[in-house]
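Working notes, beginning with the structure itself.
The values are calculated or read from the model by the stated rules, or taken from the named source; none is laboratory data. Model, not experiment: these values are computed from the prediction. FYI the Cβ positions are ideal-geometry reconstructions off the backbone, even for glycines, and counts take in every protein chain you see.
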Amino acid sequence: MIFVTVGTQGAFDRLISTMDQVAELLPHITFVAQVSTGGSYKAKHMKALEFISPTEFDKYFSAAELVVSHAGMGTIISAFEREKPILVLPKLVKYGEHRNDHQLATAKRLESLNYVHVAYDEQQLKEKVLSMAKGALNPLHSVGKYASLELINSLQNFMAVPA
């Protein structure tokens, strides 16, 4: 199953319409999409849900072989925690999808660290999903649910006020 999510800050028709086209090409794979409200595109080839509860979100996320998403940190960290491969398409200000291009910066930085798969346009998104569906879907990065002792100690030392 491929889980597609646009996050909680509005619709992302560019992602949903492209993934709907991919779903048509891969009828043997189940696609489930959290599409949010306010979008004008209506999916025809995948299950689209405007709102899902946190429990449902976790169920779909955990069952996914691949997560395709906007470049939101909440979704990315969830993929890292659950050791899920994630492919992101950043929301862009030039399309009115967000108020600035912080998702583009996030995607570029995490890609440079080899933490996430990134598509920068719809054609790349199609190509990467089709390619990933044919081969191994491995997560590029993972994190624990809690901060490491090393990180906690480092933060405590940084924040320590000299006597």
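Just one residue in the set Gly39, Gly96, Gly74 is buried (at least 16 other Cβ atoms within 10 Å of the Cβ) and at pLDDT below 95; that residue is Gly39. Looking at Ala48, is it in a strand (DSSP E or B) and surrounded by 15 or more Cβ atoms within 10 Å (Cβ to Cβ)? It is true that Ala48 is in a strand (DSSP E or B) and surrounded by 15 or more Cβ atoms within 10 Å (Cβ to Cβ).
The condition (being acidic (Asp, Glu), touching a residue at least 60 places away in the same chain (Cβ under 8 Å) and not in a loop (DSSP other than H, G, I, E, B)) is satisfied by just one residue among Glu81, Glu97, Glu111, Glu127: Glu81. Of the residues making up the stretch 99-131, just one is more than 22 Å from Phe12 (Cα to Cα) and surrounded by 15 or more Cβ atoms within 10 Å (Cβ to Cβ), namely Tyr115. Candidates in the stretch 17-59 are the residues that are of a type in the set (Lys, Arg) and more than 18 Å from the chain's Cα centre (by Cα); of these, the one that is nearest to Val6 (Cα to Cα) is Lys42.
If the condition is being surrounded by 20 or more Cβ atoms within 10 Å (Cβ to Cβ) and either within 10 Å of the chain's Cα centre (by Cα) or without any contact (Cβ under 8 Å) to a residue 40 or more places away in the chain (or both), then the stretch 62-71 contributes Leu66, Val67, Val68, Ser69, His70, Ala71.
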